[in-house]
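For reference, the structure discussed in these notes is given below.
The values are calculated or read from the model by the stated rules, or taken from the named source; none is laboratory data. What you are looking at is a predicted structure, and each value in this text was computed from that prediction instead of being measured. A quick note on method: Cβ atoms are made from the backbone with ideal geometry, for glycine too, and the neighbour counts reach across all protein chains shown.
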């Protein structure tokens, strides 16, 4: 009861802060999404420039873009179809596709869990209004593609398609290698076919990038990554960033993140519904970079929380991400208090991880409460170890 009351109070506080910021500053996210000045959409700008460079046979990591492209050459190959379009048109099309992919991943999970339709509308509306999705659209980030990839992997694994699930995992990691710790989940679940397919798909996709862009561009990508420093900007919600922001050594954050990841893998290895989303949150905590927009990758886990009747917790998970980038306006100083205030998005990610990982009464994976409940035994065969 205390936990439910605390979650509900936290949700009310988050909604209040969101409304206060909105009335005080307006919505920076909406302004960014609608802006025609491409300096507001720097991630897509660098992706588009890299795609044009790839098509024209020029270096894809030295394009003069304001923001450095940290994604591997394979991502530029995927972005090549946008190269013929003018920059603003390409950005808007990519943004619409991003929103569609995020919602498609959400509803795929909801459909497979047989979630009540009212949860589809509530979760979708909260996600559409959330800072992570609006920020992803505004900046033109890659997270929509990653979100649908993880949702497909989750769905295919539950449907007894381990090889196809592994291919989805492999493509996600080929696009964003920092998500590689997610592959530890099929290891602890002894899903060997999934693991083998993921590794094979990741290698093939990486080789496609190497062959199309050239080996020298792959080496240049490694140089760009090595030159990049750990960001302590308030948008970075990872543990290493938090420790560095508070004045500690980054390695402490990595050690803590590794401990969180190990704990999560052990805790979730027998929970097929929640496991992927909990491990994804743990991977983001462990990663050197986890911009708060990455939270779109964890949103499908809210359906599992809802269907386990943890309504107060689900309310908190849906309201906390509504707090937008305006939060940073209050914490411009260099004091400890400012640094703590700048760490709000770490707290949001931590709450997601805790809600997705910590089991509560009634979370027995074998329990079937009602027809169509997400714990239904009809999903059991899809999750036997494919040894």
Task: Hits in region 336-346 - residues which are assigned to a helix (DSSP H, G or I) and either in contact (Cβ under 8 Å) with a residue 12 or more places away in the chain or surrounded by 15 or more Cβ atoms within 10 Å (Cβ to Cβ) (or both) - done: 336, 338, 339, 340, 341, 344, 345, 346
Task: Residues satisfying the stated conditions in region 21-45, i.e. surrounded by fewer than 19 Cβ atoms within 10 Å (Cβ to Cβ) and not in a helix (DSSP H, G or I) - done: 26, 27, 35, 36, 37
- [ ] State whether the residues of region 284-298 include one that is closer than 25 Å to residue 122 by Cα, modelled with pLDDT of 85 or more and surrounded by fewer than 16 Cβ atoms within 10 Å (Cβ to Cβ).
- [x] no
TODO: Within region 159-210, track down each residue that is under 21 Å from the mean Cα position of the chain (by Cα) and not in a helix (DSSP H, G or I).
DONE: 176
Task: Some residue of region 179-186 being more than 22 Å from residue 258 (Cα to Cα) and in contact (Cβ under 8 Å) with a residue 60 or more places away in the chain - done: no
Open item on the list: Quick check on residue 32: is it over 30 Å from residue 220 (Cβ atoms), at pLDDT below 90 and touching a helix residue (DSSP H, G or I) at 6+ places or on another chain (Cβ under 9 Å)?
Closed with: no
Open item on the list: I need the helices (runs of 4 or more DSSP H) fully contained in region 46-138, keeping only those with at least 2 residues that are more than 30 Å from residue 316 (Cβ to Cβ).
Closed with: 73-79, 87-112
Task: Exclusive hit being closer than 30 Å to residue 226 by Cβ, in contact with a helix residue (DSSP H, G or I) (Cβ under 8 Å, 6 or more places away or on another chain), surrounded by fewer than 16 Cβ atoms within 10 Å (Cβ to Cβ) and in contact (Cβ under 8 Å) with a residue 40 or more places away in the chain, set 145, 68 - done: 68
Task: Yes/no for residue 18 being touching a helix residue (DSSP H, G or I) at 6+ places or on another chain (Cβ under 9 Å) and part of a helix (DSSP H, G or I) - done: yes
Task: Criterion (modelled with pLDDT under 90, more than 19 Å from the chain's Cα centre (by Cα) and not in a loop (DSSP other than H, G, I, E, B)) met by exactly one of 372, 328, 362, 333 - done: 328
Task: Verdict on residue 160 being surrounded by fewer than 20 Cβ atoms within 10 Å (Cβ to Cβ), in contact with a helix residue (DSSP H, G or I) (Cβ under 7 Å, 6 or more places away or on another chain) and closer than 20 Å to residue 105 by Cβ - done: yes
